[in-house]
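Chemist: Take this structure, written in C-alpha cells, and hold onto it; I'll ask about it next.
The values are calculated or read from the model by the stated rules, or taken from the named source; none is laboratory data. All values reported here derive from a predicted model rather than from experimental measurement. Note: ideal-geometry Cβ built from the backbone for every residue, glycine included; neighbour counts use all protein chains shown.
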Amino acid sequence: METALQTRVEESRNELIQLVSFKLEHEEYGVNVLKVREIIRMPSITRVPNTPHYIEGVINLRGKVIPIISMRKRFNLPDGEISSQTRIMVIDMEGELMGFVVDAVSEVIRIAESEIQPPPAVVNSAVEQECLAGVINQTDRLLFFLNLEKLISRDERHLFSGMM
Amino acid sequence: MAIECEDQELLEGFLTETAELLEKLDDDLVALEKAPSDTELMNGIFRSIHTVKGASSFLGFELLVKVTHKTEDVLNRLRRGELEVTPEIMDVILEAVDLVKLLVSDIKGGDIVERELDETIGKLLPFLSDNAKEATVLKPTAPATPAAAPEGQVAEPLPQESAMQAPAEPSPAQETAPVKAATPPPRAQAAPPPAPRDDKKGDDLTDNSTVRVDVKRLDDLMNQVGELVLERNRMMQLNTDFHGGSDETSFGEEFGKLSKRISFVTSELQMQVLKMRMIPVEKVFKKFPRIVRNLARDLGKEVDLLVLGEETELDRSVVDEIGDPLIHLIRNALDHGLETPDERVAAGKPRKGNLILSAAHEGNQIVISIKDDGKGVDTEKVARKAREKGLITDEQLAAMGQREILDLIFLPGFSTKEKATDLSGRGVGMDVVRTNIKKLNGIIDIRSEPGQGSEFILKLPLTLAIIQSLLVEVEGETYSVPLAAVLETLRVEEQEFHTIGGQEVLKLRDSVLPLMRLQKIFNVQPSERSRTACYVVIVGVAEKRVGLVVSRLLGQQEVAIKSLGKYLANLPGIAGSTILGDGRVTLIIDPAGLLENSDGSGGGRLAA
C-alpha cells in the first residue's frame, strides 16, 4: 500500500512516457510509442535477395514499400512459428519506415521516466547491449526498454548494399 | 492600363496558345539558322507568328500586333527567298520574339505597360527595304544588335540568381580570376541595351500551375473513372440485395469478385494519375538551343548542340527543379570548357565545338549528362585557386585525389575567374547546381580529360518513374525486368546449355551467350519439381549481352518504380521495387548492376 502511494508520488514528479510492449521468445520489451507508426498483421512478404539474414523482405504498406526485419533473427533467437499473434510494428527510423516482426504486441503502458533503470552491465537478454536503453522493473514483470534506432546501426543501414 | 476583356476564357485561351507557340518558336528559329533551306520549318515559323498576330489583333492588343506584324514581314521575305538567313537577321528576329513574349506576359499580368517598341522594330525595318542585303552591312544599327541583343537576354538569369544568393554568403565572389586565361568573352562592351527589360518575366510565360495532358491519357482516365462508378453502383446494389435477404454464399462470391475488380480499377486509376505527373524532359531541354546559340555568339565560340533523349519522362517536380542547374552547367561548358575556334584549331580540333545534352533512364535513376569536347578541367589550377581563396588548406589539398579536386568547383565562392563577367565568375553557379541536385537527392559526377573535354553527369532518382517491364518467375518468386533492356526471350531445354570455363553459355545462332541463373544470383530456394525447359531472357547493357535464366515468363506490365528506401538502396542487381495489381511487392532487376557484378568487380554497384 505504501509502495503504491510512493510510486504515485514519484509519477507526479516525473514525466510519463508511454511504451508499446511486445513479446519476443519469453521476454517482454518496450519501445517508445512515439516511434511506432502502426501495428499490422503479417502480410505477404517479398523476399529481397542478398541482404543480411534478418531482413525478411519488403512489404507493401498502402503503396509504400518498406523493409521488414525479423527481431528473432536479429537477436539470433530460434525461429518462431508465425501465429495469429505475430505482428509487425512499423517504426519510424529517422524518417524512414521499417517493420519489425515480433511474437506479439501486448499493450501500451504508461510509466514514469524514473522507473527506467540503467541496464545492468551483464544482461540475461538476447538483446545486444547497445540497443538496450534501460530496464523497467515492476513488481509483476520485467521489461527491457529498447532503443530501436540503435538496432540497425548507421553502418549497417548503408552496408546492406555491400553485403552479398 | 488594365486589360478589359469581356471574355476571360478567350483571353486565357489566347495566353496559353501564344505561350506555347512562342516557346516552340525559339527552338524552331535556332533550328532554322542551322538549316536555312528547310522550307517546312520556315513555313511553320511563319504560321506561328501569323497566328499570334491574328489572335492579338482580334483581341485588340495593338502593341503586340505592331511587333508581330513587322516580324512576320521579315519572315515572309525570308520565306520567299528575298533575304538570306544570317545570324544577324536571326538576332533581330529573336529579339522581336522576346519582345512579343514580354508583351504577352504583360497581358497575362493584367496590365498593359507602355513599352518602347520602336527600337526593336527599328532593327527589323532595314530588312524590309529592298536593298536589305546591304542593310545588314551598312546600317549601323544592324551590326550593333548581335552584341546588344543576346546580352540582355542571356546574361540576365545569372545576375538575378546571384542577386539572390550572393548577399547571403559573404563569398569572395567579386575577387575572381580568369578561368582559362585566354577566354575573356570577346564581347563588345556595348552600352547596356536601352530600356533594360525584365527578361525573366518573358521566360516564364509557361505557367506551371496548369497542366497539359495528352488527350489519350485523359480519355483513359475518364474510362477508369467510368468503370469505378460502375463498380460502385454494383457495390451499392449488392448491399441492398444483402439487406433484402439474399443468401450469404452468393453474396460472398459476388463480393469477392467485386472487390477484385475495384482493386484492379483503382490501381489502374492510380497509375493513370501518376502518369499525368510525368512530363518529358523535353520541356526543359527545348529552351537550351536558344541559350546555347546566344551564349556561343556572345563568347565568340562555335558550338553544335546535340540533344538526346528528350522524350525521357520525369516527374513534374523533378523537371521543375533541374532547369536552373542545367543552365549553369551549360553556361559553364561554353564559357570554361569549350575553347574559341582559333584555340581549337591550334589544338588540332575542329573549329566547332560539340556540346551534348542527353537524358536517359538508368535503373531507378534518370541520368542527365552535359558533355563538351573542350579543354577539360585544369585540376592544378582548381586546386591553386581554392587554396588562394582560403577554401581549403594545404594539408587538405595534399590528401586529395583528382576526383576530390574536381569536386572543389562546387564550393560556394569558388571561381577560377579573375573578374566576374555577366556570364560567370561569381562563384555562385556551381553551388546552385549542387544545392538543387542535393535537394532532389541526386548525384553529380564529373569526368574530365585534359584536352578532351569534360562531362557533368547528374543522376537523379525518379521514384515515380514508370517503366515497361517483363514479369518473370524464378522458382516461385516474381521479378520484373525492365523491358528496355530486354532484347529477346527464348524457351530452351536445359541440356542445350554448355559450360565453358565454369561459365554456363548458350549457343545462340552464331554467337555464344553467357548465362546467369537468377535462381543462383538471388539465392532462391529451388522448387522440388524439376523442370527441364526454362526461359532465357536476353538483356543488353551497352555492348554486353547476357541471358538471364528464369523458370517462366509471366507477361508484360507497366510498373511504377518504388524505391526500396535508404536501408535497402544499392542492392546489387536490384533497381527498385514495384507493387503489382494484387498488392504484392516485386523487385525490379537492374541488368547493368547484374552485369557489373558478373565482371568479378565484387563490390557491385558501389564500386562503380
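Chemist: Out of B:VAL492, B:VAL486, B:VAL505, I need the residue that is within 25 Å of A:ARG47 (Cα to Cα) and crowded, with 16+ Cβ neighbours inside 10 Å. Which one?
Modeler: Every option except B:VAL486 fails the conditions.
Chemist: Yes or no: A:VAL102 more than 12 Å from chain B (Cβ to nearest Cβ) and farther than 29 Å from B:LEU571 by Cα?
Modeler: Here the answer is no, as A:VAL102 does not meet what is asked.
Chemist: Let me confirm something: among A:ASN50, A:ASN60, which residue is part of a strand (DSSP E or B), within 9 Å of chain B (Cβ to nearest Cβ) and over 18 Å from the mean Cα position of the chain (by Cα)?
Modeler: A:ASN60
Chemist: Still on this structure, please answer the following. Of everything in the stretch B:398-453 that's among the polar types (S, T, N, Q) and modelled with pLDDT of 70 or more, which residue is farthest from B:ILE370 (Cα to Cα)?
Modeler: Across the stretch B:398-453, the extreme among qualifying residues is B:GLN402.
Chemist: Given the structure, is B:SER48 of a type in the set (Gly, Ala, Ser) and not in a helix (DSSP H, G or I)?
Modeler: Answer is no for this residue.
Chemist: Can you pull out the residues in the stretch A:78-99 that are acidic (Asp, Glu) and more than 8 Å from every other protein chain (Cβ to nearest Cβ)?
Modeler: Once the filter is applied, which keeps residues that are acidic (Asp, Glu) and more than 8 Å from every other protein chain (Cβ to nearest Cβ), the stretch A:78-99 yields A:ASP79, A:GLU81, A:ASP92, A:GLU94.
Chemist: Let me ask you something else. Would you please name the residue that is farthest from the other protein chains (Cβ to nearest Cβ), looking only at residues in the stretch B:536-565 that are part of a loop (DSSP other than H, G, I, E, B) and within 27 Å of the chain's Cα centre (by Cα)?
Modeler: The qualifying residue farthest from the other protein chains (Cβ to nearest Cβ) is B:GLU543.
Chemist: Could I ask something else about it? Can you name the residue in the stretch B:566-594 that is of a type in the set (Gly, Ala, Ser), within 12 Å of another protein chain (Cβ to nearest Cβ) and crowded, with 19+ Cβ neighbours inside 10 Å and is also farthest from A:LEU97 (Cα to Cα) among such residues?
Modeler: Per the criteria, the residue is B:GLY593.
Chemist: Only residues that are touching a helix residue (DSSP H, G or I) at 6+ places or on another chain (Cβ under 7 Å) and under 21 Å from B:GLU23 (Cβ atoms): list them for the stretch B:108-122, please.
Modeler: B:LYS108, B:ARG115, B:THR120
Chemist: Hey, can you tell me all the residues within the stretch A:63-77 that are outside any strand (DSSP E or B) and either over 17 Å from the mean Cα position of the chain (by Cα) or within 14 Å of chain B (Cβ to nearest Cβ) (or both)?
Modeler: A:GLY63, A:ARG74
Chemist: Just to verify a result, which residue in the stretch B:247-289, among those that are touching an Asp or Glu at 6+ places or on another chain (Cβ under 9 Å) and not in a helix (DSSP H, G or I), is nearest to the other protein chains (Cβ to nearest Cβ)?
Modeler: B:MET278
Chemist: Residues in the stretch B:341-356 that are out of contact with any strand residue (DSSP E or B) (no Cβ under 9 Å at 6 or more places or on another chain) and part of a loop (DSSP other than H, G, I, E, B): how many?
Modeler: Residues in the stretch B:341-356 being out of contact with any strand residue (DSSP E or B) (no Cβ under 9 Å at 6 or more places or on another chain) and part of a loop (DSSP other than H, G, I, E, B): 5 in total.
Chemist: Which one of these does B:LEU548 not meet: (1) touching a residue at least 60 places away in the same chain (Cβ under 8 Å); (2) under 17 Å from A:GLY57 (Cβ atoms)?
Modeler: B:LEU548 satisfies all of (1) touching a residue at least 60 places away in the same chain (Cβ under 8 Å); (2) under 17 Å from A:GLY57 (Cβ atoms) except (2).
Chemist: Hey, does the stretch A:111-125 have a residue that's assigned to a loop (DSSP other than H, G, I, E, B), modelled with pLDDT of 75 or more and of a type outside the set (A, V, I, L, M)?
Modeler: yes
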